[in-house]
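Trainee: I have a structure here, written as structure tokens, and I will follow up with some questions on it.
Every number in this text was worked out from the coordinates using simple rules, so none of it is lab data. What you see is a predicted model; the values in this text were computed from it and never measured. Because the Cβ atoms are built from the backbone with ideal geometry, glycine has one as well, and the counts that use them run over all protein chains shown.
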Amino acid sequence: MVSGLPAVAAITAAVIAGRFAKRARVVEIETQRLRDLEARLADKKYEVYRPMIAMLGEAFVASGKKNPENEFSVEKVSEFALWIGIYGSDEAVRTYRNFMQSAFHDPPAELSLRIYADFVLAARRDMGLPATDLTALEILGTRLNDLYKSAKYYDAASLPFDELCAQYKWQQPWLRKREDMAQPAQAIAGEPTPAES
């Protein structure tokens, strides 16, 4: 019986090693599947972001040198809004919402530049660079010649956003409270809103 003990130990060790090897292989297959999924998602995100970033980038190009493929179109904006809601990170969706809502609330040009830069930074993080330490100053520094000559542009890129909005006395529309908004029945009937009374 004692002579069979090493054989039993060897068989038990082989069975345990086989199970661990099988489990390791399952984990390896699952890890590879997740890598493949992440790669496909990154490719899709690139497809989603590219037209919008290119279109926005055209705003910084002299009119004679613009690429007609990147020309502004409502269709491109609408398609982007649909797909960022599906594929975009929470941060990217929020910064895009801020960008779009600001367009309807006439921010000063300096604020528009900052909102653009914040959106580009969110897109960078979302497309695979979550640890990026770039700032709006660096993003705008690649596009604006006067960034380091003009205090207003430098401040737009470097001040905390809330402080920048306060400096320009511009209220962020996405921070408004419901009670500050027109009520549907009043707006339709032409009655004054609570703010107008």
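Trainee: Apply 1/(1 + (r/R0)^6) to the Cβ-Cβ distance of residue 29 and residue 169, taking R0 = 41 Å, and write down the FRET efficiency to the nearest 0.05.
Mentor: So the FRET efficiency works out to roughly 0.10.
Trainee: Once label points are set 7 Å from the Cα along Cα→Cβ at both residue 73 and residue 9, what is their separation, rounded to one decimal in nm?
Mentor: Rounded to a tenth, the inter-label distance reads 7.5 nm.
Trainee: Please state, to two decimals, what the Cα-based radius of gyration of the chain comes to when divided by 2.2 N^0.38 Å (N = residues).
Mentor: Taking the Cα Rg and dividing by 2.2 N^0.38 Å, one obtains 1.65.
Trainee: Using the Cβ atoms and a cut-off under 13 Å, what net charge is assigned to the surroundings of residue 46, where Lys and Arg are +1 and Asp and Glu are -1?
Mentor: Every neighbour counted, the sum reads +1.
Trainee: Right, next: Excluding residues fewer than 8 places away in the same chain, name every one of the lysines whose C-alpha is closer than 19 Å to that of residue 44.
Mentor: Those lysines meeting the cut-off are 76.
Trainee: Moving to a separate point now. So, with +1 on the Cβ of K and R and -1 on the Cβ of D and E, and no other charges, what is the size of the charge dipole of segment 91-138 about its Cα centre, to the nearest 20 debye?
Mentor: 140
Trainee: A further question follows. Mind checking which of 11, 86, 53 has the largest fluctuation in a GNM of the chain, springs on alpha carbons under 10 Å?
Mentor: Judging by the Gaussian network model, the answer is 11.
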